[in-house]
Amino acid sequence: MRLSVSLGFWQDRPPEEVLETARAAEAAGYPELWIGEMATWDAFALGTAIGAATSRISLTFGPLPVTVRDPATIAMGVASVAALTGRSTGVALGTSSDVLVRGWHGRSRDRSATALEESAIAVRQLVHGEKSTVDGKVVGSQGYRLRVAAPKSPVTIAAFGPRALDVAARHADRMVINLVSPAAAATLVRGLREAASRAGTTPPPVAAWVVGAADPGPAELEQLRRGVVGYLAAPGYSDMFRAEGFGDLVDFARTRPHPRELLAAVPVEAIATVGLLGSSAEIAAKAQEYAEAGVDELAIVPATSDDDPGGGKTLVACRSAVVSFDA
């Protein structure tokens, strides 16, 4: 089981804390750090700062929303950070949500799976130093070539639905899934393999973003409970939580209660469904479940608090626990 770390961007913590998480990830021996982009930092600006604050950890940007960032700006950003920091870099692409794409950025998510595929083709061309040649139905880039050294970044595709699985099977060096139980992960891995069989390709390895908290206290549990609230009624995720035995919670979420009421109703068990929580033995057992589901890599999103700023304690504990079960 390969391990990496993803920044949490927790809303109840200082934005600058992600730099502590990056340093803690490197100190604990993780080889790769995922830098997403949502409501706080520009991913490439933050990546450059992390490059200055650490010494060797590789940086993967995303999943970046393909209907917000175009292929040329994605490739330019990844290559800029690679050139300025001297780090190896990767890029992950996804379709994001209506709230982010339509609401925050005023863009359309129509034909998002087509945009994902066209972006994957164009971004791969650009990060490998080629001149772009994609005249897509939704996304395009023609005639551009990077002016700085091409970073040769691997391309990861975020997938949850069947069309994104098809794109990952055809164009990804790695697929990433987010906030899923081992059972849901197994279904997605199976879907990827079936898509690859149809396409005549070799299925790429699968990474799963999972929240983590070693021996969590009240602050960490509250943070993680708040983190799942927005997913309970979301398409696909609601089915997953229902299948895990939280149907009443999903039904309540769909009545659109006040967020405080919904947060109060979320049990710790719902978080444990999609993460590594508890003692070292519990973390190792859950990691084993993901491995048995066909997941090749766990990208740990550590809970943080005043007692564990940056999540360093959790990152050390998770790495130790997973290494022990691998041994």
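The values are calculated or read from the model by the stated rules, or taken from the named source; none is laboratory data. These figures come from a predicted structure and were not determined experimentally. Here the Cβ positions follow ideal geometry from the backbone for every residue, glycine too, while neighbour counts run over all protein chains shown. Surface areas here come from the heavy atoms of the whole protein model, side chains and all, with no ligands, DNA or RNA. Shrake-Rupley method; radii C 1.70, N 1.55, O 1.52, S 1.80 Å.
See the values below:
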quantity	calculated
Residue in region 101-114 that is under 17 Å from Ser153 (Cα atoms), open to solvent by less than 40 Å² (accessible area, probe 1.4 Å) and either within 20 Å of the chain's Cα centre (by Cα) or β-branched (Val, Ile, Thr) (or both) present	no
Sole residue being touching a Phe, Trp or Tyr at 6+ places or on another chain (Cβ under 9 Å), touching a residue at least 24 places away in the same chain (Cβ under 8 Å) and assigned to a helix (DSSP H, G or I), chosen from Gly51, Gly47	Gly47
Region 1-24 residues that are over 23 Å from Ala207 (Cβ atoms), paired with ones that are open to solvent by 20 Å² or more (accessible area, probe 1.4 Å) and in a loop (DSSP other than H, G, I, E, B) (beta carbon under 6 Å, 6 or more apart)	Pro15/Thr40
Residue in region 178-200 that is assigned to a strand (DSSP E or B) and either buried (at least 17 other Cβ atoms within 10 Å of the Cβ) or within 15 Å of the chain's Cα centre (by Cα) (or both) present	yes
Selection within region 140-154 - buried (at least 23 other Cβ atoms within 10 Å of the Cβ) and closer than 25 Å to Ala207 by Cα	Pro151, Ser153
Among (1) within 17 Å of the chain's Cα centre (by Cα); (2) crowded, with 16+ Cβ neighbours inside 10 Å; (3) not in a loop (DSSP other than H, G, I, E, B) - the single one Val295 does not satisfy	(3)
Verdict on Val123 being crowded, with 16+ Cβ neighbours inside 10 Å, touching a helix residue (DSSP H, G or I) at 6+ places or on another chain (Cβ under 9 Å) and part of a loop (DSSP other than H, G, I, E, B)	no
Among (1) open to solvent by 50 Å² or more (accessible area, probe 1.4 Å); (2) of a type outside the set (Ser, Thr, Tyr); (3) within 21 Å of Ala184 (Cβ to Cβ); (4) not in a helix (DSSP H, G or I), the one test that Arg256 misses	(3)
Pair list, Cβ < 7 Å and 6+ apart or interchain, from region 196-213 residues that are more than 16 Å from Val155 (Cβ to Cβ) to residues that are among the aromatic types (Phe, Trp, Tyr) and in a loop (DSSP other than H, G, I, E, B)	none
Residue that is touching a Leu at 6+ places or on another chain (Cβ under 6 Å) and open to solvent by 20 Å² or more (accessible area, probe 1.4 Å), where the choices are Ala49, Ala53, Ala83, Ala75	Ala53
In region 201-217, the residues that are in contact with a helix residue (DSSP H, G or I) (Cβ under 7 Å, 6 or more places away or on another chain), closer than 21 Å to Gly62 by Cα and open to solvent by 10 Å² or more (accessible area, probe 1.4 Å)	Pro203, Pro204, Val211
Inter-residue pairs, beta-carbon under 7 Å, first modelled with pLDDT of 95 or more and in region 161-190, second crowded, with 23+ Cβ neighbours inside 10 Å and among the charged types (D, E, K, R), 6+ apart	Val167/Glu117; His171/Glu117
Subset of region 228-240 [open to solvent by 30 Å² or more (accessible area, probe 1.4 Å) and either in contact (Cβ under 8 Å) with a residue 40 or more places away in the chain or under 17 Å from the mean Cα position of the chain (by Cα) (or both)]	Gly230, Tyr231, Tyr237
Answer residue from region 126-139, given it is farther than 30 Å from Ala53 by Cα and in contact (Cβ under 8 Å) with a residue 24 or more places away in the chain and is surrounded by the fewest Cβ atoms within 10 Å (Cβ to Cβ) among those	Lys137
Pick from region 6-35, criterion closer than 29 Å to Gly294 by Cβ and in contact with a Pro (Cβ under 7 Å, 6 or more places away or on another chain), ranking: most open to solvent (accessible area, probe 1.4 Å)	Gly8
Qualifying residue in region 102-114 (condition: within 20 Å of Gly36 (Cβ to Cβ), in a loop (DSSP other than H, G, I, E, B) and among the basic types (Lys, Arg))	yes
